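Below is one structure, written out as structure tokens, with a few remarks after it.
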């Protein structure tokens, strides 16, 4: 699944069929069967998108990949 993680409470899940992101609802995202397909779509979407592994257990989604937040560092240049 393709996600954009800002924090543990704010994660966007990409839905290929609508071309939109679902907020904080992994059921709104698209599960890819092949990693190559997910990498191709990720390349089109650009920076800030990560591939997260999910599995279906019963009828619920379970996350397999660990959480990796987005840490943006800004460096100040000293003159």
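Measuring nothing but how far apart in sequence close Cα pairs (under 8 Å, 6+ apart) lie, relative to its length, segment 2-63 scores a relative contact order of 29 percent.
Extension gain for residue 41 to residue 62 (0.36 nm times residue separation, less C-alpha to C-alpha distance): 5.4 nm. Taking a point 7 Å out from the Cα of residue 4 in the direction of its Cβ, the residues of segment 24-41 whose backbone N falls within less than 19 Å of it are 24-32, 38-41. Note: segment 2-63, Cα convex hull, 82 Å³ per residue.
Bear in mind that the values in this text are calculations on the coordinates, not laboratory data. Here the structure is a predicted model, which means the values were calculated and not measured. With ideal geometry, Cβ positions are generated from the backbone for all residues, glycine too; neighbour counts draw on all protein chains shown.
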